[in-house]
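For reference, the structure is listed below as structure tokens.
Nothing in this text is a laboratory measurement; each read-out follows from the coordinates by a stated rule. Fair warning: this is a prediction, and the values are worked out from it, not measured in the lab. Cβ: placed from backbone, ideal geometry, glycine included. Neighbour counts: every protein chain shown.
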Amino acid sequence: MFSLPNDVTIIEVGPRDGLQNEKKEVSTEQKLLFIKALQESGIKEMEITSFVSPKWVPQMADAADIVEHVQQQGRQFVLTPNEKGVTRAIEAGVKSVAVFVGVSNSFNLKNINKTTEQSMQELKPIINQLKQQGYFVRACISTAFYCPYEGEINVEDTLALCKEFASWGIDELSVADTIGMANPQESYSLFSYLMREIPNVLMTAHFHDTRKMGLANIYAALLAGVSRFDTSAGGLGGCPFAPGATGNVATEDVVNMLHTMGVQTGIDMNLLCKAVSIIEPSVSRPIETGMYTLYKMEQ
Ligand code: HMG
Ligand code: MG
């Protein structure tokens, strides 16, 4: 029998990753209702929005409003790649910041308009300052396995980027399969390696579910010792600058898998599916995840 943790932390990314690529305009009010319902279901950590260019990602233009109106409960992250975004986020009153960089240079150029090296140079003094001022900082590592432009990524490159962030004193690494191409063997192998090499930073896995390997990849990462997972209610999500990426692995299906294996999350399935039902009318894709489909059949 494999050994699994007793508890796992779910970091809900639906309000950010889930909605950033949404074609329909989702009102601030709808987003706030979604976030509140997610909090009520027991989610303690969440990416609630991102401070990025409203020209590049119009769906996140209301970031400051979102921060102002979300109730502080657990840890609320906002995502941002640069100094301007961090400044806006701090002015809005955030306590936890998530920065993001791609291992792949080509992806980083498409996503942030900078090389990976340029992004790191810009982020180093910012993170230093954030840490001195007591902020919680997480670094999201995109294209950790595969890149839509460069193909397979060398694990040593992923490790080097993660180690650089760790040397700056960040609190958490969220290591991402941006286009949902990794398989469970790769998940187990990369996360075992990262956890061994970087033991003192919280390690989180972020899987997109493009090829429906998200749950298997999470199970493999669990076996490698990971106990924090980014997931998205309703399986919403995708990066606008990563062609071929669909939504994150669905929170409700991950929670179900964990609960049925005796791993606790503190999340109430019924209330979680209720949160999905709140956002469903605002999104253009039908939501057909396993647990949400069952929930609707029972209503
Ligand atoms: P740029 O055009 O190169 O930036 O965009 P710039 O510095 O030349 O500035 C251009 C304009 O943007 C200026 O405004 C700046 O003030 C403004 P103007 O003078 O034209 O009116 N600007 C900003 N405005 C608001 N917030 C900011 C900001 N920075 C500059 N932070 C930029 C560079 C990074 C801004 C742009 O490329 C951008 O917004 N990219 C965001 C891309 C994005 O949001 N991607 C999705 C999130 S990452 C993701 O989903 C992956 C993840 O889930 C993990 C995984 O799955 O891999 C985390
Ligand atoms: Mg993502």
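What the table below lists for this structure:
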quantity: Rounded to the nearest 20 debye, dipole of the chain from Cβ charges on Lys, Arg, Asp, Glu; calculated: 280
quantity: Note, ³J(HN,Hα) from phi for the range 243-259, Karplus 6.51, -1.76, 1.60, rounded to Hz, x at Gly and Pro; calculated: x, x, 8, 9, x, 6, 4, 6, 3, 5, 6, 5, 4, 4, 4, 5, 4
quantity: Which of 195, 43, 128, positive extreme of dipole for the range 9-298 (C-beta unit charges); calculated: 128
quantity: Longest exposed-site-free window of the chain, the sites being GluC sites (Glu not before Pro) in a DSSP loop that have at most 12 other C-beta atoms within 10 Å; calculated: 26-287
quantity: Residue 2/residue 44 FRET efficiency (R0 22 Å; Cβ-Cβ; nearest 0.05); calculated: 0.30
quantity: Isotropic mean projected area of the C-alpha convex hull, the range 9-298 (nm²); calculated: 13.1
quantity: Within straight-line cross-link reach of residue 110, lysines at Cα separation under 24 Å, skipping those fewer than 8 residues along the same chain; calculated: 23, 24, 55, 84, 124, 163
quantity: Restricting the range 17-101 to trypsin sites (Lys or Arg not before Pro) in coil, as DSSP defines it, with at most 16 other Cβ within 10 Å; calculated: 23, 24, 44, 55, 95
quantity: The range 9-298: antiparallel DSSP beta bridges as a percent of all, rounded to 5; calculated: 10
quantity: ³J(HN,Hα), Karplus 6.51/-1.76/1.60, whole Hz, each residue of the range 209-218, x for Gly, Pro; calculated: 10, 3, 9, 6, 10, x, 5, 5, 5, 5
